[in-house]
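The values are calculated or read from the model by the stated rules, or taken from the named source; none is laboratory data. Quick caveat: nothing in here was measured; it's all calculated off a predicted structure. Here the Cβ positions follow ideal geometry from the backbone for every residue, glycine too, while neighbour counts run over all protein chains shown.
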Amino acid sequence: MDFSLTGDHLALRDAVRKFCDGEYPLHQCGNAEAATLSASRWAALAELGLFGLDISAAYDGSGLTAVEIMLAAQELGRRLGGGSWIASNLPAAYILSKAGRDAQRSTWLPKIAVGRRRLSLAYLESGWRYDLAKPAVTAVQQNRGWLLNGTKINVPGADAADGFVVSAGDDALFIVDARTPGVSVQSFRTLDGRAAGHVTLDGATVSGEALITGAGRAVLQAAIDYATAALCAEATGAIEALIDLTTDYLKTREQFGQPLVKFQVLQHGIADALIDLEQSKSMACVAALAAGSEDAGQRARLISAAKVTIGNAARRVGQWAIQMHGAMGMTDECRAGHYAKRLLVINQMFGDASYHLQRFIKHMAQGNGNES
Amino acid sequence: MKLEFSAEDEAFRLEVRSFVRDHLPAWLKRKVELGLRLERADYVAWYERLYERGWSAPSWPKEYGGPGWTPLQRYIFDEEALLGGAPRIIASGILMLGPVLMAVGTQEQKARYLPAIRRSETWWAQGFSEPGAGSDLAQVRTTAVRDGDHFIVNGHKLWTSYAHFCDMLFCLVRTESSSKPQNGITFMLIDMKTPGITVRPIRMIDGGNDLNEIYLDNVRVPAENVVGELNKGWSYGKYLLGHERTGIAGIGSSKQQIARVRALAQAHGLADDPALAARLGALEIQLMALEFTGLRMLSKNQESRVPSVEASMLKVRGTELRQEIYELLLEVAGPGALPFDEAALRGDQGLVPPVAPPDLMSLAANYLDSRKITIYGGTSEVQRNLISKAFLTA
């Protein structure tokens with residue numbers, strides 16, 4: 001039982017922090033990125049080495065773990081950076097690392113690690129909530145390949161993706177090149193201003209080599225848990241930045257002849273936000289450690305506990321920050337709203353607090369409920 | 001970083017678990033698990049066994065006869081002892097006075113008082129609060145006036161836990177009037193048998209009388225009973241209330257009471273109730289988040305935004321969480337919580353036949369008693385003041 005961070009951890013954290021401070025100016029945090037800015041930032045994040053952090057050294061990555069991903073995600077969360085990486089590209093690469101064929105890995109992973117290719121995760125379907133169901137996207141074997149039909153929704157970074165990891169058929173995962181005839185993307189932005197899209201496969205034919213053999217729902221769930229852990233870390237960074245932002249505002253805004261921060265009722269709100277923050281940080285660590293666990297039940301229980309804790313903290317701190325900014329907090333100009341919206345997106349992604357509470361209870365019944 | 005305990009810590013956990021299983025008297029375990037009132041003899045029955053094993057002062061370093069455990073070992077001990085049905089360690093001697101004497105006591109004071117605390121021969125009461133000095137503790141008005149090699153103490157202390165079965169009192173008294181109320185307070189030790197001391201138990205909301213008021217009327221206290229420097233008592237009192245991080249979240253107690261919720265739900269047909277399961281699940285998660293936060297704060301390079309008030313954060317969250325668990329216990333009791341039988345709560349033969357199932361009848365009293373934990377040791381409101389002040393001035 002030890003949460004200590006090493007010197008290498010701190011060095012990584014500080015490097016990402018320094019990068020984010022320069023790349024994402026505070027007064028613009030959360031603004032929707034034009035395609036050119038998005039592309040240049042992607043190249044810069046690649047240069048920093050983020051995309052290869054957890055990719056094996058055999059494929060030109062750094063071979064690190066979910067803990068290093070957590071540290072990077074926290075820093076991105078502070079400045080609302082990172083685009084679609086954590087929610088989409090990270091779990092797609094995870095699936096390839098865990099279950100991809102050698103040829104698939106050597107084709108994609110080295111290029112992903114340096115930011116030259118993007119692979120997005122396309123798993124969600126219309127009508128689903130958070131449990132993985134049998135996909136309505138069909139996969140019919142044809143000659144030596146597969147014929148795919150159906151639509152995947154809310155795929156982060158769909159417009160910029162070179163390929164998709166698609167769940168289809170009874171229980172299969174495929175890599176689908178974005179240029180495949182029959183693949184189209186309906187692009188839109190999610191409420192945090194980030195690019196996403198619905199991906200339609202209309203008679204898209206892929207080769208037999210596109211099937212990720214041996215990968216099914218269990219691997220997909222592991223990838224989603226892995227990304228959920230990273231999103232927990234991202235949210236924690238955003239919560240921390242939002243507390244700082246809001247406290248700074250309370251120190252400068254004067255009403256009734258004094259700075260708002262002099263009012264005790266507002267001071268107590270700060271104390272509660274700080275308590276939420278510290279617990280979120282702890283559970284982000286727990287989620288990162290659980291993300292690497294081979295025990296699916298233990299992993300589910302701990303990651304769900306983290307998502308509940310951080311989901312509730314994110315909702316409370318987001319609402320509090322808007323309230324503390326008063327009418328300013330309702331404007332698009334004010335950064336509080338941008339943070340609150342990103343936190344809202346994270347909460348609705350891969351399961352909200354209510355969903356994860358139920359999932360936790362289900363897995364509680366199977367475990368003994370004690371960490372020891 | 002790793003979630004697993006080391007093999008050494010796991011071995012230690014098993015050692016504590018089997019010790020508790022083999023040495024905790026069954027009658028005492030039953031009293032604790034039923035939430036009945038405990039007297040000095042009950043606590044002593046357990047502490048004596050801990051003493052024989054060398055574990056009666058879990059937080060003390062070896063040089064003072066403690067086991068010299070790491071914070072993690074103390075945490076494991078606390079959890080295993082409480083989950084095993086042992087009474088908690090009463091704070092005043094071991095957790096409060098002990099560390100102050102170790103920090104600023106004279107050699108003579110240490111030699112005289114520390115071993116007797118460890119052997120649970122001397123029981124200490126804490127005399128801080130007064131009628132006009134609650135959260136604003138610096139307003140103490142009990143005076144101590146020098147008279148040769150003695151002080152003459154006059155005043156009125158309030159909310160003194162267990163004073164009715166304590167031998168000694170450590171208290172804050174005013175030895176100098178000052179424009180700043182924190183100055184001029186002295187930390188002093190008083191023998192409860194000294195003439196001029198009257199203890200009056202206060203009947204509390206749960207029917208118990210663990211709290212008392214103490215009247216001090218021309219009580220003569222030897223000057224050697226001053227701890228640390230004269231007029232500097234405020235800083236020692238603050239040290240005593242704020243230095244403890246390991247146990248303050250009450251994780252072991254919370255786990256003990258959550259286990260009680262589960263057992264009662266099972267016994268009373270509520271095991272499949274979805275609303276109860278949802279609330280219990282939510283509390284389990286909150287407890288986990290708090291537990292890992294306590295453990296994280298012990299780890300290297302994981303200091304919080306406001307390290308100086310980590311104890312306050314853990315206290316606020318830990319006590320509020322524990323109160324929620326007691327609320328849930330009360331709900332589980334349902335109508336069984338209504339009958340109230342003083343004798344049965346003491347563990348004596350109550351009304352015959354019993355007026356409520358024995359496992360339910362203490363729950364209302366326990367719930368009411370639990371309201372104190374966000375009041376004592378610095379109210380939640382005072383703690384929130386401390387947390388925000390530390391953050392805003394950092």
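From the list A:PHE256, A:PHE263, exactly one residue is within 23 Å of B:GLN383 (Cα to Cα) and more than 8 Å from chain B (Cβ to nearest Cβ). Which is it? Reasoning before the result, please.
Working: A:PHE256 fails: within 23 Å of B:GLN383 (Cα to Cα).
So the residue among A:PHE256, A:PHE263 that is within 23 Å of B:GLN383 (Cα to Cα) and more than 8 Å from chain B (Cβ to nearest Cβ) is A:PHE263.
Got a sec? Which of A:ALA223, A:ALA230 is assigned by TED's automatic domain parsing to the domain that holds A:ASP352 and either under 16 Å from A:ALA168 (Cβ atoms) or at pLDDT below 95 (or both)?
It is A:ALA223.
Here is a yes/no grid of residues against (1) under 16 Å from the mean Cα position of the chain (by Cα); (2) assigned to a helix (DSSP H, G or I):
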residue	(1), (2)
A:SER280	yes, yes
A:SER293	no, no
A:ALA300	no, yes
A:SER304	yes, yes
A:VAL308	yes, yes
A:TYR339	yes, yes
A:VAL345	yes, yes
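Failed condition for A:ALA34, given (1) in contact with a helix residue (DSSP H, G or I) (Cβ under 6 Å, 6 or more places away or on another chain); (2) more than 30 Å from B:LEU3 (Cβ to Cβ); (3) free of Cβ contacts under 8 Å to residues at least 24 places away in the same chain, with all others met?
Evaluating A:ALA34 over (1) in contact with a helix residue (DSSP H, G or I) (Cβ under 6 Å, 6 or more places away or on another chain); (2) more than 30 Å from B:LEU3 (Cβ to Cβ); (3) free of Cβ contacts under 8 Å to residues at least 24 places away in the same chain leaves (1) as the failure.
Working only within the range B:60-88, note down all residues that are over 16 Å from B:THR293 (Cα atoms), among the hydroxyl-bearing types (Ser, Thr, Tyr) and in contact with a helix residue (DSSP H, G or I) (Cβ under 8 Å, 6 or more places away or on another chain).
B:TYR64
Among the helices (runs of 4 or more DSSP H) lying completely within the range B:267-355, list those that include at least 3 residues that are of a type outside the set (Asp, Glu) and within 11 Å of another protein chain (Cβ to nearest Cβ).
B:274-297, B:310-333
Considering only helices (runs of 4 or more DSSP H) fully contained in the range B:57-159, which possess at least 3 residues that are assigned by TED's automatic domain parsing to the domain that holds B:GLU39?
By residue number, B:71-83.
Test of understanding: among A:ALA241, A:ALA227, A:ALA233, A:ALA223, which residue is surrounded by fewer than 23 Cβ atoms within 10 Å (Cβ to Cβ) and either in a helix (DSSP H, G or I) or touching a Ser or Thr at 6+ places or on another chain (Cβ under 6 Å) (or both)?
Of A:ALA241, A:ALA227, A:ALA233, A:ALA223, the one residue that is surrounded by fewer than 23 Cβ atoms within 10 Å (Cβ to Cβ) and either in a helix (DSSP H, G or I) or touching a Ser or Thr at 6+ places or on another chain (Cβ under 6 Å) (or both) is A:ALA241.
In the range A:273-286, which residues are more than 11 Å from A:THR309 (Cα to Cα) and more than 7 Å from chain B (Cβ to nearest Cβ)?
Of everything in the range A:273-286, just one residue is more than 11 Å from A:THR309 (Cα to Cα) and more than 7 Å from chain B (Cβ to nearest Cβ), namely A:ALA273.
Quick one: how many residues across the range B:91-121 are crowded, with 16+ Cβ neighbours inside 10 Å, hydroxyl-bearing (Ser, Thr, Tyr) and modelled with pLDDT of 95 or more?
So the count comes out to 1.
Could you list, in sequence order, the residues of the range B:356-394 that are free of Cβ contacts under 8 Å to residues at least 12 places away in the same chain and within 14 Å of chain A (Cβ to nearest Cβ)?
Result: B:ASN385, B:SER388, B:LYS389, B:LEU392, B:THR393.
For the range A:8-58, give me each residue that is among the basic types (Lys, Arg) and under 19 Å from the mean Cα position of the chain (by Cα).
Once the filter is applied, which keeps residues that are among the basic types (Lys, Arg) and under 19 Å from the mean Cα position of the chain (by Cα), the range A:8-58 yields A:ARG13, A:ARG17, A:ARG41.
Restricting attention to the range A:91-99, does a residue exist that is within 12 Å of the chain's Cα centre (by Cα) and buried (at least 24 other Cβ atoms within 10 Å of the Cβ)?
Within the range A:91-99 (the criterion being within 12 Å of the chain's Cα centre (by Cα) and buried (at least 24 other Cβ atoms within 10 Å of the Cβ)), the answer is yes, since at least one residue qualifies.
If I ask for residues that are small (Gly, Ala, Ser) and touching a His at 6+ places or on another chain (Cβ under 9 Å), which ones from the range A:7-45 would you list?
Filtering the range A:7-45 for residues small (Gly, Ala, Ser) gives A:7, A:11, A:15, A:22, A:30, A:32, A:34-35, A:38-40, A:43-44.
Scanning the range A:7-45 gives a single hit, A:GLY30.
Determine whether the range A:75-86 contains at least one residue that is buried (at least 24 other Cβ atoms within 10 Å of the Cβ) and on the phi > 0 side of the Ramachandran plot.
yes
Tally up the residues in the range A:1-29 that are at pLDDT 95 or above, within 14 Å of another protein chain (Cβ to nearest Cβ) and in a loop (DSSP other than H, G, I, E, B), please.
Residues that pass the stated criteria total 4.
Output yes when any residue across the range A:261-272 is surrounded by fewer than 24 Cβ atoms within 10 Å (Cβ to Cβ) and touching a Leu at 6+ places or on another chain (Cβ under 7 Å), and no when none is.
Within the range A:261-272, one or more residues are surrounded by fewer than 24 Cβ atoms within 10 Å (Cβ to Cβ) and touching a Leu at 6+ places or on another chain (Cβ under 7 Å).
Could you run through the range A:292-311 and say how many residues are surrounded by fewer than 22 Cβ atoms within 10 Å (Cβ to Cβ) and of a type outside the set (A, V, I, L, M, F, W, C)? Show your work before the answer.
To start, the set of residues in the range A:292-311 that are surrounded by fewer than 22 Cβ atoms within 10 Å (Cβ to Cβ) comprises A:292-298.
Now restrict to residues that are of a type outside the set (A, V, I, L, M, F, W, C): A:292-295, A:297-298.
Adding up the residues that qualify gives 6.
Every residue, every condition in (1) outside the structural domain of B:GLY132 (by TED's automatic domain parsing); (2) surrounded by fewer than 17 Cβ atoms within 10 Å (Cβ to Cβ); (3) aliphatic (A, V, I, L, M), yes or no:
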site: B:THR186; (1), (2), (3): no, no, no
site: B:LEU189; (1), (2), (3): no, no, yes
site: B:PRO195; (1), (2), (3): no, yes, no
site: B:ARG200; (1), (2), (3): no, yes, no
site: B:ARG203; (1), (2), (3): no, yes, no
site: B:ASP206; (1), (2), (3): no, no, no
site: B:VAL219; (1), (2), (3): no, no, yes
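Answer yes or no as to whether A:SER354 is of a type in the set (Ser, Thr, Tyr), within 14 Å of chain B (Cβ to nearest Cβ), under 24 Å from the mean Cα position of the chain (by Cα) and surrounded by fewer than 17 Cβ atoms within 10 Å (Cβ to Cβ).
yes
Going through B:GLY207, B:GLY250 one at a time, which residue ends up being small (Gly, Ala, Ser), out of contact with any Gly (no Cβ under 7 Å at 6 or more places or on another chain), closer than 30 Å to B:LEU360 by Cβ and touching a residue at least 60 places away in the same chain (Cβ under 8 Å)?
Just a single option satisfies the conditions, and that option is B:GLY207.
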